[in-house]
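Remarks on the structure that follows.
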Amino acid sequence: MGVTAGEEGFDRLVEPFRTELLAYCYRMLGSAHDAEDLVQDTYLRAWRAREQYDDTRSSLRTWLYRIATNACLTALEARGRRPLPSGLVAASDPLGPLVQGESAAWLQPLPDSLLDAGDPAGAVIDRSTLRLAFAAALQHLSARQRGALILRDVLRFSASEAAEILGTTAASVNSSLQRARTRVKEVGVRQEGLSEPSAAEQRAWVERYMKAFEHADVEGLKRLLTEDVLMEMPPVLNWFVGRGNYGLFMEWVFGALGTDWRLKAVAANGQPGFAAYQRVGGGYRLHTLQIFTVTAEGISRNSVFQGSEVFASFGLATGLDDQGLTGVGGRM
């Protein structure tokens, strides 16, 4: 029995699932831009196939996830994985030359604003399963392993439901799930769990970091870091670990790029961060987007992003005026 409601009625039925499908496609693809495109594709496919939906065989949610999964698997056939530098190459000298990666397909952050658009389903999304470290770990899995892990462990579909969504058997899903769990453990993704500070506490850590950054206070920055802090900067391949290395790199940053910056708070993947604008001439130019992992001991990771596609997904102004207040140059 298909969905027989008119166009507006169909839209009302499927719209509540849009945000959770966006989060799902992001976990599968590792790109906010690709995820938005695939959700649009999912809704177009669903509209065209609405007469084929049988509510006696599956729920509307399961049916939409199957369409979204097929769209994601098709997309992944044509695209490589989206790693972060720390999952691709060895650690670097913090004072070594910056090396641009040849691949343009890096893991991208997902703006929290895309999940806070008033969709009721947004409230049920587990933000911890969108953390950059977990999203990066998923990139080490095959497409079907990725699907099995997300559907079973994140979204809590039953084995039979996941099998229906993936178009396979429950035994195959369970096999893929076991391999996926093993691989995620091998790549060492951190499970923050109950020890993770509250969102307000995490933001407070980053606000202190922002103040130290604006004062070019390297020692102040270092005091906010864990001993094994990691910094990486796609599309640059360089990455390094350790408070001392971090401090050496930041001394280079302020020496090479100046000490006059303006910062704008952002949030992505359920994590706090900021956009950094560098003084250039009579104003400030958007330079990087920085997203932080915060533990009870301090900041343990800074993932620094560049690129027009990433900047555009956050709706960031390309520049600020001399007072660091008004966006100039339009939005990207």
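At a glance:
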{"read-out": "Selection within the stretch 298-328 - in a strand (DSSP E or B), of a type outside the set (V, I, T) and within 17 Å of L263 (Cα to Cα)", "value": "N302, S303, F305, A317, G319, L320, G327"}
{"read-out": "From L21, L114, L88, residue being in contact (Cβ under 8 Å) with a residue 40 or more places away in the chain, open to solvent by less than 20 Å² (accessible area, probe 1.4 Å) and within 18 Å of the chain's Cα centre (by Cα)", "value": "L21"}
{"read-out": "Helices (runs of 4 or more DSSP H) within the stretch 149-240 that include 1 or more residues closer than 19 Å to G273 by Cβ and out of contact with any Cys (no Cβ under 9 Å at 6 or more places or on another chain)", "value": "199-214, 218-223"}
{"read-out": "Residues (more than 21 Å from the chain's Cα centre (by Cα), surrounded by fewer than 19 Cβ atoms within 10 Å (Cβ to Cβ) and not aliphatic (A, V, I, L, M)) located in the stretch 227-248", "value": "E227, D228, G242, R243, G244, G247"}
{"read-out": "Among the candidates Q290, Q278, residue that is crowded, with 23+ Cβ neighbours inside 10 Å, outside any loop (DSSP other than H, G, I, E, B) and at negative phi", "value": "Q290"}
{"read-out": "Residue in the stretch 130-146 that is among the hydroxyl-bearing types (S, T, Y) and either in contact with a Gly (Cβ under 9 Å, 6 or more places away or on another chain) or on the phi > 0 side of the Ramachandran plot (or both) present", "value": "no"}
{"read-out": "Selection from the stretch 24-42 of residues that are more than 14 Å from the chain's Cα centre (by Cα) and buried (at least 21 other Cβ atoms within 10 Å of the Cβ)", "value": "L38, V39, T42"}
{"read-out": "Inter-residue pairs, beta-carbon under 6 Å, first more than 12 Å from R27 (Cβ to Cβ) and in the stretch 134-146, second buried (at least 20 other Cβ atoms within 10 Å of the Cβ) and not polar (S, T, N, Q), 6+ apart", "value": "Q145/A180"}
{"read-out": "Pair list, Cβ under 7 Å, 6 or more apart: the stretch 252-263 residue within 12 Å of T288 (Cα to Cα) and among the aliphatic types (A, V, I, L, M), other residue open to solvent by 50 Å² or more (accessible area, probe 1.4 Å) and in a helix (DSSP H, G or I)", "value": "L263/E214"}
{"read-out": "Qualifying residue in the stretch 121-132 (condition: modelled with pLDDT of 95 or more, part of a helix (DSSP H, G or I) and touching an Asp or Glu at 6+ places or on another chain (Cβ under 8 Å))", "value": "no"}
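The values are calculated or read from the model by the stated rules, or taken from the named source; none is laboratory data. Computed from a predicted structure; not experimentally measured. For neighbour counting, all protein chains shown are included, and Cβ atoms are generated from backbone atoms with ideal geometry for every residue, glycine included. Protein only, heavy atoms only, side chains kept; ligands, DNA and RNA dropped before computing areas. Shrake-Rupley method; radii C 1.70, N 1.55, O 1.52, S 1.80 Å.
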